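First up is the structure itself, then whatever we jot down about it.
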Amino acid sequence: MALDAGRITRLYADQQRLQRQFRQAEQMAAMGSWRLDAARQTVTWSEGVYDIHDLPPGDGMPVADAMSFYPPADREKITALVEQAIKTGAAYDVELDFISARGVCKRVRAIGEPELENGRVIGLIGVFHDVTERHELFVELDRRANTDEVTHVASRHAFVTHVDECVERAQQRGERMALMLIDLDHFKQVNDTFGHGAGDDILRKVAQELRSPWLGDSLAARLGGDEFALVITDQAMIAQLPRVAENLLRVLRFPMGRGADPLVVSATIGVVELRGADDCRHDLLQRADRALYSAKHKERGTCEMEWSDGAERQVLKAAG
């Protein structure tokens, strides 16, 4: 009996050590394990899962209470995945937004798979992982890739992706779409005369105007240097394209310096519309660039607009 008692003591000590090691691993990895009882509709969590929820360890809770930590859209998503896993045995691996008991917004990865008994799903087991830091890093990297550092409008990379998506959507729906290329006049003189800080201020002012509420959900982008673009998909706005261009020519004028004859930075604009099913981003950019170059050649501070059929071009000046 004494030998058996010694073995039991050692086994108990080994178990306690393994539990402490497992707990340390959970803490280091910011993760934990869980089990859902399908019949009772309750979940039990390891201490790591309680940590992520900012709760003290407990004896589990109803599934409905566990789901309450997710915002509505993600709650609906994880509920559907859990129900499908119980019904069909389908495993899942998903990232979701999550709000802890302390009101801390987090990003979590939830992995679940069926627990079977005689071929029947009796529950789910899985892992819960706090991936907030990694998610925030990815979001920041994505923001830097898609946002111009100086003006905070879309970058060229984001512009390309957006135009491709808009072209495809417009062609599928049979809708209109317009692209404006905007080039600043006398911008180099600003940098040479007043310094690059003043030039950056002008770029930010242009970006601010291109994000004005009256332009709706049009995408403003800086393509590089002093060249900007505006992608317009609002059908009512496209119907008034000449007026939109005239207003832009009016607001995109920035006097620099003092005196009777200040340097004025203006904008020259080339505008084109999507022509049809065979048009693409490359075609739009080429035609908009030709219209912009033609306007600059004729008179800076104007806009040349090419209609969707390509049969006519219209030269516009600032409204008012």
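The values are calculated or read from the model by the stated rules, or taken from the named source; none is laboratory data. The shown structure was predicted, so the numbers you read here are calculated from the model rather than taken from an experiment. Note: ideal-geometry Cβ built from the backbone for every residue, glycine included; neighbour counts use all protein chains shown. All accessible areas refer to the heavy atoms of the entire protein, side chains included, with ligands and DNA or RNA removed. Shrake-Rupley method; radii C 1.70, N 1.55, O 1.52, S 1.80 Å.
Taking a point 7 angstrom from the Cα of THR44 along the C-beta vector, which residues in segment 110-131 have backbone N less than 20 Å away?
Answer for segment 110-131: 111-118, 120-129.
Leaving ligands, DNA and RNA out of it, report the carbon-plus-sulfur percent of the accessible area of the chain at a 1.4 Å probe.
Numbers: 9130 of 18050 Å².
C and S atoms contribute 51 percent here.
Give me the percent of Cα-Cα pairs in segment 19-164 that sit more than 26 Å apart, rounded to a whole number. Could the numbers behind the result be given before it?
Values: 3861 of 10585 pairs.
Every Cα pair in segment 19-164 considered, those over 26 Å come to 36 percent.
Find how much the distance from GLU175 to ALA90 grows on full extension, using 0.36 nm per residue of separation minus their present alpha carbon separation; answer in nm with one decimal. Present the calculation step by step, with values, prior to reporting the outcome.
Values: separation 85, 0.36 × 85 = 30.60 nm, distance 4.03 nm.
This chain segment gains 26.6 nm when fully extended.
At q = 0.22 Å⁻¹, what base-10 log of I(q)/I(0) does the Debye formula yield for segment 38-88 when every alpha carbon is treated as an equal point scatterer in vacuo?
Log10 of I(q)/I(0), two decimals: -0.90.
What ranking do 181-190, 273-282, 114-123 get when scored by the average of other Cβ atoms within 10 Å per residue, highest first?
Numbers: 181-190: 19.8, 273-282: 15.2, 114-123: 12.9.
Highest mean packing first, the order is 181-190, 273-282, 114-123.
Keeping every protein chain present and rolling a 1.4 Å probe, give me the accessible area per residue for the chain in Å². Write out the running numbers ahead of the final one.
Working: 18050 Å² over 320 residues.
In whole numbers, the chain has 56 Å² accessible per residue.
The chain: D in µm²/s via Stokes-Einstein (Kirkwood Rh, Cα pairs, 10 °C, 1.306 mPa s)?
Approximately 65 µm²/s, per Stokes-Einstein.
Jot down the radius of gyration and Dmax of segment 178-320, Cα atoms only, both in angstrom.
Values for segment 178-320 (Cα only, Rg and Dmax): 15.0, 53 Å.
Kindly give the semi-axes, whole Å and largest first, of the ellipsoid equivalent to segment 79-231, taking each as the square root of 5 times a Cα gyration tensor eigenvalue.
48, 21, 12
How high is the relative contact order of segment 195-260, in percent, with contacts defined as C-alpha pairs under 8 Å that are six or more residues apart?
Details: 35 pairs, mean separation 15.2, N = 66.
Averaging sequence separation for qualifying contacts and normalising by length gives 23 percent for segment 195-260.
Take peptides 89-96, 248-255 and line them up by average Cβ neighbours within 10 Å, highest first, as a rough protection proxy. Walk me through the numbers before you get to the answer.
Details: 89-96: 14.5, 248-255: 18.4.
The most tightly packed comes first, giving 248-255, 89-96.
Separation of segment 29-49 and segment 176-228 by C-alpha centroid, Å?
Centre-to-centre distance over Cα atoms comes out at 53 Å.
Ordered by residue, what ³J(HN,Hα) values in Hz, to whole numbers, does segment 210-219 give under the Karplus form 6.51 cos²θ - 1.76 cosθ + 1.60, where θ = phi - 60° and Gly and Pro are x?
6, 9, 4, x, 5, 8, x, 9, 4, 8
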